[in-house]
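Colleague: Just passing along the structure, written as structure tokens.
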């Protein structure tokens, strides 16, 4: 059985890739995808903990249910996010996050 | 229920004042009648109590309890307070009625005037009936306030507004001492109720703090009774309407200081007034009596002469208090109240009839124009200068007698000198204003006063004559168990008569000549002594320059340094600068780049996590 630490390292990598992407990339569409990656990273660790907490191969399902909730909310978030990106593209002919400075000015 | 009837003494005038002020502000005569009804009702009530009506002890009202000390307000109904109430409400009623005639044709708001009088009646009753120093103090401040209102009644005149301010501020100085005195008394006796003080006297006796407490309380009396060095407000208070001067600044309020001290002597016992305290009180009284009698000799304003004479008589009363002769002090207070109210009201009638002319050198010959008023004035004068047979004679005798009994020869001599001066300035006033011929057109046209003014005058004139005789005084002098002493052929009588003859004769010699009476200025006015007296011995000027001009200016400087340097610069501007600087620093973070925000947020979360890991 794969030890817990492997899953956690994988989850941390996934999360860091997502975070790094969200910070580095300018394209809002990619940023949205990176956010999804971060959520997935978190989900992986949730499921991993759920397995590790279980006894004799039977996991604790609470955390897995939570993971399902996260996915559902992520789906909703993507729907809203994509709609915003479409609206942004229509308004500005581009989806670069660097162009979003009008609130500061 | 019935035992709380005495509270009407306070409630009635207060309600009258409120009604006058709030409801009848535009109905002057309705307001006047409300005030008059209230004061006459209290007078009737007072007479009923003096005739032996019993309603039991009025209940106390507990204001607020502090641990084991209850701050309660209550009324004290004894001979001292009830007979004093008779003086207050009696003169109050006459002054209210007189005011009807005096204020007729005056354009100012009469509702305000009568509301002020009613507030005064309320506050004075507070002082007189108080059963503890607390209620006395409340009334004390309230009379100061009502006096302020009434002196400044004609507030559009600068002099009146200034005089009102001066009276109020000068009184505050005395009141501060009074407050400290009250606290010292509370500390020493553990109670402020007059009735309990004697019981706690054992604890306080012999303590040096006791002298300090008495002297601090005396400070209050110095302010309210206008004793030297706080006497400066009283002559200026004459800017108010004359009936107000009669009621407040001659007969009742200014006597409150004397009343309060006598109340303390009665409740604490004479032991409380240590030798030092008595010496200070008597000396201050004597100095006031002498200085103000001197200043009165060179005043040209009829009301100011009377004001200085009030000061000087108050000095007599203080002297008697200091000589531990509360009886004599209250006797003089009581006779003085009647005859000084009479003098002021008569002066008021004269002023009205001369079209608001107050300078005696612009009157003259009034005895033919308004004989009844002048006769009343003369009755008051005779009482004031202690002509045998008039009320002032008996009370002044009793004070001089007290000085002699205590073997205090300096005070006795001073009293006699002041009596001579009193005769001098009053005879001077009467000669100039009433004899000879009219010096101005206004005096020429003067006519007898209206009946609303004459009736109070006549009543007061009768009282000024008879109130000193035993059969009246024994009943009415505000002092428990007072008995008017028989006049004896002794040193006092001869000294008093001598003072009368010397003072009167000197005035007659200086001012009685037909040539002088025809002139329009004081023949003595030019010499330096007289100039100094006219300038009030430069005491007011000294206060103006040294206290107001000097100390106050330094203080203003100091305060403005504090205000400008610390509050405005350091706190006001400094804080603003600090905030702006921090704001600019933090503002840099808000770069407008979405990625920057993301980075910062994640760094922040990292830092928080680190802290959590390190701590737990």
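Colleague: Can you bin the stretch B:44-197 into rounded, prolate or oblate? Criterion: square roots of the alpha carbon gyration tensor eigenvalues sorted a ≥ b ≥ c, rounded for a/c under 1.5, prolate for a/b above b/c, oblate for the rest.
Modeller: Taking the square roots of the gyration eigenvalues as a ≥ b ≥ c, the stretch B:44-197 is oblate.
Colleague: Taking Cα atoms, how many degrees apart are the long axis of helix B:79-103 and the longest axis of chain B, rounded to 10 and kept between 0 and 90?
Modeller: With both axes taken from Cα atoms, the answer is about 80 degrees.
Colleague: Express in nm, to one decimal, how much length is gained between residue B:162 and residue B:475 on full extension, taking 0.36 nm for each residue of separation and deducting their alpha carbon distance.
Modeller: Details: separation 313, 0.36 × 313 = 112.68 nm, distance 4.15 nm.
The residue B:162-residue B:475 span can extend by a further 108.5 nm.
Colleague: Does the protein assembly as shown classify as rounded, prolate or oblate by the C-alpha gyration tensor (a ≥ b ≥ c root eigenvalues; a/c under 1.5 gives rounded; else a/b over b/c gives prolate, otherwise oblate)?
Modeller: On the way: a/c = 3.25, a/b = 2.66, b/c = 1.22.
It is prolate, given that a/c is not under 1.5 and a/b is the larger ratio.
Colleague: Also, I was wondering about something else. Just to be sure I understand the model, the point goes 7 Å from the Cα along the line to the Cβ. What's the resulting residue A:78 to residue B:355 distance in nm?
Modeller: With each label placed 7 Å out from Cα toward Cβ, I get 10.6 nm.
Colleague: Related question: Once the piece of chain linking residue B:2 and residue B:450 is laid out straight, how much longer is it, given 0.36 nm per residue of separation minus the C-alpha distance between them?
Modeller: Between residue B:2 and residue B:450, full extension yields 157.2 nm more.
Colleague: Now for a different question. Which order do peptides B:472-484, B:604-616, B:331-343, B:350-362 fall in by mean Cβ count within 10 Å, highest first? List each step's numbers first, then the result.
Modeller: Values: B:472-484: 17.7, B:604-616: 9.0, B:331-343: 29.7, B:350-362: 19.5.
Top to bottom by mean Cβ count within 10 Å: B:331-343, B:350-362, B:472-484, B:604-616.
Colleague: Can I ask one more? Any idea what angle helix B:391-405 forms with the longest principal axis of chain B, computed on alpha-carbon atoms, 0 to 90 degrees, nearest 10?
Modeller: Around 70 degrees separate the two axes.
Colleague: By how many nm would the segment from residue B:611 to residue B:191 lengthen if fully extended, with 0.36 nm per residue of separation less the alpha-carbon distance?
Modeller: 145.0 nm
Colleague: At 7 Å along Cα-to-Cβ for each site, give me the label-to-label distance between residue B:538 and residue B:50 in nm.
Modeller: 4.8 nm
Colleague: Now for a separate question. Any chance you could check the Cα centroid distance between the stretch A:1-62 and the stretch B:584-616 for me, in angstrom?
Modeller: Value for the Cα centre distance between the two parts: 22 Å.
Colleague: How many angstrom lie between the C-alpha centres of the stretch B:287-346 and the stretch B:47-87?
Modeller: Value for the Cα centre distance between the two parts: 29 Å.
Colleague: Taking the Cβ-Cβ separation of residue B:40 and residue B:581 as r and a Förster radius of 60 Å, what is the calculated FRET efficiency to the nearest 0.05? Don't jump to the answer; show the numbers that get you there.
Modeller: Values: r = 73 Å, r/R0 = 1.21.
Computed FRET efficiency for residue B:40 and residue B:581 comes out at 0.25.
Colleague: Give the shape of the stretch B:1-104 as rounded, prolate or oblate, defined through the alpha-carbon gyration tensor: a ≥ b ≥ c are the square roots of its eigenvalues, a/c under 1.5 means rounded, and otherwise the shape is prolate if a/b is larger than b/c and oblate if not.
Modeller: Working: a/c = 2.65, a/b = 1.53, b/c = 1.73.
Oblate, since a/c reaches 1.5 and b/c is not below a/b.
Colleague: Another question, then. Note the angle between two axes, namely the Cα long axis of helix B:28-50 and the longest principal axis of the Cα atoms of chain B, as a number of degrees from 0 to 90, rounded to the nearest 10.
Modeller: Approximately 70 degrees, to the nearest 10.
Colleague: Please express the Cα-Cα pair-distance distribution P(r) of the stretch B:216-284 as a list of whole percents, one per 5 Å bin, running from 0 to the bin with the greatest distance.
Modeller: In order of increasing distance, the bins hold 4, 16, 24, 23, 15, 10, 6, 3, 0 percent.
Colleague: Can you give me the Cα centroid spacing of the stretch B:14-41 and the stretch B:231-266 in angstrom?
Modeller: Distance between centres, Cα-based: 24 Å.
Colleague: With the crude spin-label approximation of a point 7 Å out along Cα→Cβ, what separation in nm comes out for residue B:555 versus residue B:173?
Modeller: 1.0 nm
Every number here is computed from the coordinates shown, using simple stated rules; none is lab data. Nothing here was measured: the structure is a model prediction, and the numbers come from that model. Glycine gets a Cβ as well: all are built from the backbone with ideal geometry, and neighbour counts include every protein chain shown.
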